Amino acid sequence: MTASADALDPVRAALLRAARTSADAVRERAEADARETLRTARRTVDEVLARARELGEADGAAEAARERVRAAQDAWAVELAARSEVYAELREAVRAGVRRALAEGAVPQARLAEAARAVLGTQARVTAAAAGGVTAEVPGRRVDLSADTLADRALERLGAQAETLWRPP
């Protein structure tokens, strides 16, 4: 039987060569497919990373812009609160100064009463204000020349000049 086995050796060898050739071709296609799959995957990863970077930068820029707006609003709120506090202190100081001046007779109460009657007429009923100054009334009309009102009017007349209070010296 060895003779017949030897007769099949060339067939076996040809089949083995064909199988190896086929296996090599399949392996080469598989390797080529794997390389292409890796290249495609790397391109996809690069595209995804680039897009993620762009989105991250856009989100970061938007958040930074929102933060800048919040910071500016917070700073403005602090500045307005400080201005309000300074203005309230100034208002109280001016009121105290006017009260003191009226108490010391800088403007006699009689002169304030004359001024009120000049506006409302001689029939005006003039009353001394508690903190200094006077108020006067006729039916349907009233004049307030009290110390606090005179001080408030003086500050109101500052108008836009009051902005100089907030500027650095």
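The values are calculated or read from the model by the stated rules, or taken from the named source; none is laboratory data. Since this is a predicted model, take the numbers as computed values, not measurements. In this analysis, Cβ positions are derived from the backbone assuming ideal geometry, glycine residues included, and neighbour counts consider all displayed protein chains. The area values use the complete protein model at the heavy-atom level, side chains included, leaving out ligands, DNA and RNA. Shrake-Rupley method; radii C 1.70, N 1.55, O 1.52, S 1.80 Å.
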With respect to residue 93, determine if the residue is open to solvent by less than 80 Å² (accessible area, probe 1.4 Å), farther than 30 Å from residue 151 by Cα and either in contact with a helix residue (DSSP H, G or I) (Cβ under 8 Å, 6 or more places away or on another chain) or of a type outside the set (Lys, Arg) (or both).
no
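Scanning segment 54-83 for residues that are basic (Lys, Arg) and at pLDDT 90 or above, which turns out least open to solvent (accessible area, probe 1.4 Å)?
Among those that are basic (Lys, Arg) and at pLDDT 90 or above, it is 70.
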Pair list, Cβ under 8 Å, 6 or more apart: segment 94-113 residue over 22 Å from residue 156 (Cα atoms), other residue assigned to a helix (DSSP H, G or I) and open to solvent by less than 70 Å² (accessible area, probe 1.4 Å):
109/102
Does segment 120-127 contain any residue that is open to solvent by less than 40 Å² (accessible area, probe 1.4 Å) and touching a Gly at 6+ places or on another chain (Cβ under 8 Å)?
no
How do the pairs read when you match residues in segment 149-169 that are at pLDDT below 80 with residues anywhere that are β-branched (Val, Ile, Thr) and surrounded by 12 or more Cβ atoms within 10 Å (Cβ to Cβ), using Cβ under 7 Å and keeping only pairs 6 or more apart or on different chains?
165/86
Does residue 99 qualify as being farther than 25 Å from residue 79 by Cβ, among the basic types (Lys, Arg) and at pLDDT 95 or above?
no
